[in-house]
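This report concerns only the one structure given below.
The values are calculated or read from the model by the stated rules, or taken from the named source; none is laboratory data. This is a predicted model, so every value here is computed, not measured. Heads up, the Cβs are rebuilt from the backbone with ideal geometry, glycines too, and the neighbour counts pull from every protein chain shown.
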Amino acid sequence: MARTLAITLGDPQGIGLEVSIAATARLLAEAPDTTVLAFGADGLSVPGATYMPVGAWDGSRRGAGQISIEAIRRAVALALGGHVDAVITAPVHKPALHAAGWNVPGQTELLERLAGGGPVGMLMDAEQTRCGGALRVLLATTHLPLRDVPARLTPELLIEQTELLYGSLREGWQIESPRIALCALNPHASDEGLFGDEEARVYGPALDALGARGITATGPVPADTVFRRALDESFDAVVAPYHDVGMAAFKTAAFGGGVNVTLGLPFVRTSPDHGTAFDLVGRGKADPASMLEALKLARRLAEARFDTAARGV
C-alpha cells in the first residue's frame, strides 16, 4: 500500500544527505509506490523525493542546529496532521542543537517535546544481526551521566517502559505475546544483595506489577547473559537499565544495520544507528545501510499501525 515518509536530513555538516540519497534510491526501487519528502537546507536535493527546503545554512554550528531543528519541526507538524505516515531522522549534532537554543539531550527528547509530551521509549532494533537473530533493546534511561542512573531507575519507570515496549511489539511487530527480559543493573543481578539492592528494591516490585497486568517479563537477568539469550530467541526484546549497557551489546551485534525507533509518539519515527560522521563527509565512504533499514522499518511500522487502526484494535 502507498505510504508517505518524511526524511529530515540532520546536521548539514554531516553524512545525512549522502546516506539519505542512497537509501531513498534503494527504497524506491523496492517500493516504488512510496512517496518521500525530504527536509533540509536550501539548495540541496534528494533524487526521487520531493525536496522541502527549510532555510539557508550560514555555515555556523548554531545555524546547523537551527536547520536540523526546523527540518524536524516541519516533518513533525505534517505527521501530527496526518499528512505523512512516518518520520525518519538523519543524525544531528547535539552541541549544534544546544547552540541553537534547544537544551535537549538528543532527537528523542526533542521529538517528545514537539509531539506534546507523554512517555516515550528509545528502542534499538535489528531484525538481522551479525549473530543471525534479531535483537531489540529498549533503553530505560537514555542520555544522562552514569552516576544519575540509580536514582532515575525506579519501579514506576521500569513498569512504564516495559508496558510501552510490550504494546509496541504487539502493534508494530505484531508479536502476539512478547517475551521481555529486564536486564539487571548490578553485576550478577547483585547476587542476592551482595553487589547492590536495586534488583530487590526496584526490579522486584516492577516485575510483580507487570505480571499482575498480564505482561510476560523475566528478570532481573544479568547483563553478561541477557543479550546472548535474546539473540538465541529466548526473548523478543530486552529492557536495558542505562544507555551504554544496552548500546554496547547492540552495536557489537548490529552496528550499521540497526535502527533507532521512538516508541510512544503519535506517529512512527525511526533513525539510523550512527552519528553525523563529519570525518566521512564527501569521501564516498558513508554507508547507507542503516538509513535504508530505518526507511524500510518505518514503512513496515506505518503499515502495521494502519492495519491495527483499520481492525479497530
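Inside the stretch 46-60, can you point out the residues that are closer than 15 Å to A23 by Cα and part of a loop (DSSP other than H, G, I, E, B)? Residues satisfying the conditions are V46, P47, G48, A49. State whether the residues of the stretch 51-64 include one that is in the same structural domain as R3 (by TED's automatic domain parsing), modelled with pLDDT of 95 or more, closer than 20 Å to P288 by Cα and crowded, with 19+ Cβ neighbours inside 10 Å. No: the stretch 51-64 contains no residue that is in the same structural domain as R3 (by TED's automatic domain parsing), modelled with pLDDT of 95 or more, closer than 20 Å to P288 by Cα and crowded, with 19+ Cβ neighbours inside 10 Å. If you go through the stretch 155-166 and keep only what is touching a residue at least 60 places away in the same chain (Cβ under 8 Å) and surrounded by fewer than 21 Cβ atoms within 10 Å (Cβ to Cβ), you end up with just L164. Remark: pairs (first residue in the stretch 3-15, assigned by TED's automatic domain parsing to the domain that holds E303; second residue modelled with pLDDT under 95 and β-branched (V, I, T); Cβ separation under 8 Å; 6+ apart in sequence or on different chains) = Q13/V281; G14/V281; I15/V281. Looking at (1) on the phi > 0 side of the Ramachandran plot; (2) surrounded by 21 or more Cβ atoms within 10 Å (Cβ to Cβ); (3) of a type outside the set (V, I, T), can you tell me which one A237 breaks? Condition (1) is where A237 drops out. Highlighted here are the strands (runs of 3 or more DSSP E) found entirely within the stretch 106-216 that include at least 1 residues which are of a type in the set (D, E, K, R), out of contact with any His (no Cβ under 9 Å at 6 or more places or on another chain) and outside the structural domain of D11 (by TED's automatic domain parsing): 121-126, 135-139. Selection over the stretch 29-45 of residues that are within 30 Å of W57 (Cβ to Cβ), of a type outside the set (G, A, S) and not in a strand (DSSP E or B) gives a count of 3. The residues in the stretch 68-97 that are in contact with a helix residue (DSSP H, G or I) (Cβ under 7 Å, 6 or more places away or on another chain) and in a helix (DSSP H, G or I) can be counted, and the count is 8. Set side by side, the residues V245, V239 differ, and just one is in a strand (DSSP E or B) and assigned by TED's automatic domain parsing to the domain that holds T129, which is V239. Does D208 satisfy the criteria of being surrounded by fewer than 15 Cβ atoms within 10 Å (Cβ to Cβ), over 23 Å from Q128 (Cβ atoms) and acidic (D, E)? Taking the combined requirement at face value, the residue satisfies it.
Checking A254 against (1) surrounded by fewer than 22 Cβ atoms within 10 Å (Cβ to Cβ); (2) closer than 27 Å to P145 by Cα; (3) touching a strand residue (DSSP E or B) at 6+ places or on another chain (Cβ under 9 Å); (4) not basic (K, R): exactly one of these is not met. Which one? Going through the list (1) surrounded by fewer than 22 Cβ atoms within 10 Å (Cβ to Cβ); (2) closer than 27 Å to P145 by Cα; (3) touching a strand residue (DSSP E or B) at 6+ places or on another chain (Cβ under 9 Å); (4) not basic (K, R), A254 breaks only (1).
Residues of the stretch 200-241 that are hydroxyl-bearing (S, T, Y) and farther than 14 Å from T162 by Cα: T225, S234. Of the numbered criteria (1) at pLDDT 95 or above; (2) within 15 Å of G14 (Cβ to Cβ); (3) assigned to a loop (DSSP other than H, G, I, E, B), the one S290 fails is (3). If you go through the stretch 125-154 and keep only what is out of contact with any helix residue (DSSP H, G or I) (no Cβ under 6 Å at 6 or more places or on another chain) and crowded, with 24+ Cβ neighbours inside 10 Å, you end up with D125, R136.
Among the candidates P12, P32, which residue alone is at pLDDT 95 or above and either crowded, with 24+ Cβ neighbours inside 10 Å or touching a helix residue (DSSP H, G or I) at 6+ places or on another chain (Cβ under 8 Å) (or both)? The conditions single out P12.
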